[in-house]
Every structure is written in C-alpha cells, then in structure tokens.
Amino acid sequence: MDKKPAPDLESICAAFDIEGRWLSSCPIPSGHINDTYCSRFEAGGAVVQYVNQRINHVVFREPERLMENIERVTRFAREKIVAAGGDPDRETLTIVPARDGRSFHRTPEGAYWRTFLFIGGARTYDRVEDLRHVYAASRAFGNFQKMLAELPGGRLHETIPDFHHTRKRFEAFRAACERDPVRRAAGVGPEIDFVLAREKDASAVVDGLAAGRVPERVTHNDTKLNNVMIDDRTGEGVCVIDLDTVMPGSVLYDFGDSVRLGAATAAEDERDLAKVGFDLGLFDRLAAGYLDAARDFLVPEETELLAFSAKLLTLECGVRFLTDHLQGDVYFKVRREGHNLDRARTQFKMVAEMEKRMGDMDAVIRKYL
Ligand code: GN1
Ligand code: MG
C-alpha cells in the first residue's frame, strides 16, 4: 500500500562520503515512518555496508533540526564510549556525512536522506525470542537515559512537539471520531468506547511534568524492543538506534513504551487476539533490566508511576493507531486494509490485561527498586 516509487539508491549513496564501488541496495522493511535501506559497497577488497534512510518529513517537519539532535547525541555517545574503552562504531550510530559535509542530503525533489554505518554482528528483534534480550534491551534504554543526563549544550529540539502528550492524543482522537472523514467510526464502536472509558488516565504523566513533580529528562521516546541492536554472539544490547525522537521527555514515556512490545506475547499487528497478551514474566525482565541501569537516578515520583506508565503508553499508542485508522491511514505505513485497526486492537487487549495485573506489576517494580 506504500505507493512511492523505488528510489535510486546508487545515486543517493553517491551524495554521501562513501568510499568504494556501489554493489547493491535492498529495503529493510522495519519501522512505520521512515524508509530504510541497506547498501553494500566494495572497498579495498572488502564488502562494507551502510544504512540509508529517507526521513519522513511530513512526520518530522524539521529534518535539519532533527539531524542536529542526532549529531549532538551521537557525538557525545561516541566520546563516552571511547573513554570507556568500547567500540564507538558499534555502540552508537555513526553518521556518514554527505559530500557537502552536512549530516543529510536533500535531493532536488526535496527528499531528505541520511546514511549510517551498518552495525555488523548484531540484529534487532520484532518479537521476543529470548528472555535475555528483553533484559538486555531494557537495560540498554536505561543506560541510554543515564548517559544523556549529562548531554552538554542545552535542551534538544522537540522533533515532534507534544509527541507523548497523552491528553492531546486523546483530543486528536475525539476530533477524528467527530469528523470521521472516511466514515470508519461506525465500524469501531467498541474500540472508541474502550478509549473514552479511559480518558481520565490520560493526564497523569503530563500533569506531573507540567507541575514539576515528574522531572523532564532527555529520553528516547520510541523504546520498542527492536530499537536496540542485540549482539549475535553475546545476546547483550549493543546499540540503541532510531534516535529521531530523542528529545526532552519523561523516563515514564520510555519505560512505558518498552512494555508494549517487550511484554507482548504476539506481534503488534497480530489479528488473532487470542494470541495477544501481556506476559508478567517478560515484564519482570523489562523491569529488572531497566532498573539495573536507572535505579540510582530515578526519583519516587517516577518509580511510583512505572507500572502505570506501561498501561498508559500502550493505551496512547493504541489511541494513535485508532486515530490513524479513523483518518484514513495517513500517518503510519500500512500493508493491508485495517492494519491500523488491528494494531489498535492488540494494544487495547494488552491494556485490558495490564489493568487486571496492575497490582502484580507494581510488586515487580518494588522488587527491583
Ligand atoms: C513508529 O517508525 P517506528 O516503528 O520507529 C512511531 C512510534 C510508535 C511505533 C509503533 C515517530 O515508530 O511512536 O510507537 O511506530 N514513531 C513515530 O510501532 O511516530
Ligand atoms: Mg521510531
């Protein structure tokens, strides 16, 4: 359903400071927003791989500022990794500059492209395959927050304003229900009711932030399990990727959002809801990994809301999927009819299960504090 013509990756690559001879490029079909490709080059007798991404500039309205954030974050991460004796080419993203020295390339048609070094010997997982990966990914996100607490140079740009402002997400949802531009509201009555019955939850974190009870920090804001590369050999989290939404936020956004996928028994778009559920054992691994990294810097106003944030962020994501379904699938990429609705339903099923297990979830958090 993605009707964009295939881009000419060879000429895109030519705009970047890449050595050697282009061999091939192929799509990496992951992510709902940007378009991602892997390109292979031959240089000095070896094959070197790169990741090329076309930034969706409808979603990210200021790609230059977004790339400024990523430059700052990766430069700082690199310094930290080098100081700790790590491998900066694997443990953080490395921007391959364009030939004009900028961190991105703008085509004559107005598309924005960027290139990163490919990280070898590691991969991402769209679904949980190994409990250890869940712990490792969650700890990697905690360590990422910890590192960014020291980021010099002032506040990062907000690449998407109000990205996790759950109350505004509810307002947008209500507006979509009322406008009902593609006449889908009548077909999703139970889902709409599910959301509206939970509107009172929407303000918990945003009000805490506004009142200063919940501290603003630099957070990742898109902490899906598949945004941490897992080392093929050790099973450890190697590198946190997808830095587009690294910006001021709350740790509750990150921990909460990681649960949607990290504690799910099925894929985000599973149609058979009988397979979809919230797994407390997986939640335990997420909490252990996250708190092993973050326990020392969190304040009680944050730790008290960690379990709740899992439900809140899952609900928020479901609301976003359902809003997009009502608007005619204009935001998230879809590959089939009703894809966003399927995604919304899995999120709501998770929310319903978490509501029943909230006491157990709180107990897990307390165990690791
Ligand atoms: C989008 O494109 P991807 O998969 O990294 C979205 C996230 C959602 C996620 C749902 C900028 O992330 O917020 O949680 O889909 N990113 C943006 O899977 O909206
Ligand atoms: Mg993302």
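The values are calculated or read from the model by the stated rules, or taken from the named source; none is laboratory data. Quick caveat, the model's predicted, so the values are computed rather than measured. Using ideal geometry, Cβ is built from the backbone for each residue, glycine included, and neighbour counts are taken over all protein chains shown. Each accessible area value is taken on the protein alone, full model and side chains, heavy atoms only, with ligands, DNA and RNA left out. Shrake-Rupley method; radii C 1.70, N 1.55, O 1.52, S 1.80 Å.
When the criteria are applied in full, Val58 fails the requirement of being within 16 Å of ligand 2 (Cβ to nearest atom), of a type in the set (Val, Ile, Thr) and either under 17 Å from Asp222 (Cα atoms) or surrounded by 11 or more Cβ atoms within 10 Å (Cβ to Cβ) (or both).
Can you tell which of Ala185, Ala175 is touching a Cys at 6+ places or on another chain (Cβ under 9 Å) and modelled with pLDDT of 95 or more? Before you say what the answer is, go through the steps one by one.
Details: Ala175 fails: touching a Cys at 6+ places or on another chain (Cβ under 9 Å).
It is Ala185.
Of all residues in segment 272-305, those satisfying the criterion of being touching a Lys or Arg at 6+ places or on another chain (Cβ under 9 Å), open to solvent by 60 Å² or more (accessible area, probe 1.4 Å) and within 16 Å of Gly142 (Cα to Cα) are Arg285, Asp292, Asp296.
Given Phe297, Phe283, which one is in contact with a helix residue (DSSP H, G or I) (Cβ under 7 Å, 6 or more places away or on another chain), away from ligand 2 (no atom under 16 Å from the Cβ) and not in a loop (DSSP other than H, G, I, E, B)? So the residue among Phe297, Phe283 that is in contact with a helix residue (DSSP H, G or I) (Cβ under 7 Å, 6 or more places away or on another chain), away from ligand 2 (no atom under 16 Å from the Cβ) and not in a loop (DSSP other than H, G, I, E, B) is Phe283. Across segment 73-92, a minimum of one residue is classified as over 25 Å from Ser39 (Cα atoms), touching a Pro at 6+ places or on another chain (Cβ under 6 Å) and open to solvent by 80 Å² or more (accessible area, probe 1.4 Å). Between Arg233, Arg260, Arg184, the distinction of being basic (Lys, Arg) and farther than 21 Å from Asp130 by Cα belongs to Arg184 only. The set of residues in segment 207-225 that are open to solvent by less than 20 Å² (accessible area, probe 1.4 Å) and assigned to a helix (DSSP H, G or I) comprises Gly208, Leu225. Residue count for segment 211-242 under the criterion of being within 16 Å of ligand 2 (Cβ to nearest atom), at positive phi and more than 8 Å from the chain's Cα centre (by Cα): the result is 0. Whenever a residue of segment 179-191 is over 16 Å from Glu337 (Cα atoms), its partners that are open to solvent by 60 Å² or more (accessible area, probe 1.4 Å), lying with C-beta atoms within less than 7 angstrom and at least six residues away or across chains, give the pairs Pro181/Gln327; Glu191/Arg345. Out of the residues in segment 279-305 meeting the condition of being under 19 Å from the mean Cα position of the chain (by Cα) and of a type in the set (Phe, Trp, Tyr), tell me which one is farthest from Leu341 (Cα to Cα). Top of the filtered list is Tyr290.
Every residue, every condition in (1) open to solvent by 40 Å² or more (accessible area, probe 1.4 Å); (2) over 22 Å from Asp329 (Cβ atoms); (3) in the same structural domain as Arg345 (by TED's automatic domain parsing); (4) out of contact with any Phe, Trp or Tyr (no Cβ under 9 Å at 6 or more places or on another chain), yes or no:
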| position | (1), (2), (3), (4) |
| --- | --- |
| Phe144 | no, yes, yes, yes |
| Glu158 | yes, yes, yes, yes |
| Ala172 | yes, no, yes, yes |
| Val205 | no, yes, yes, no |
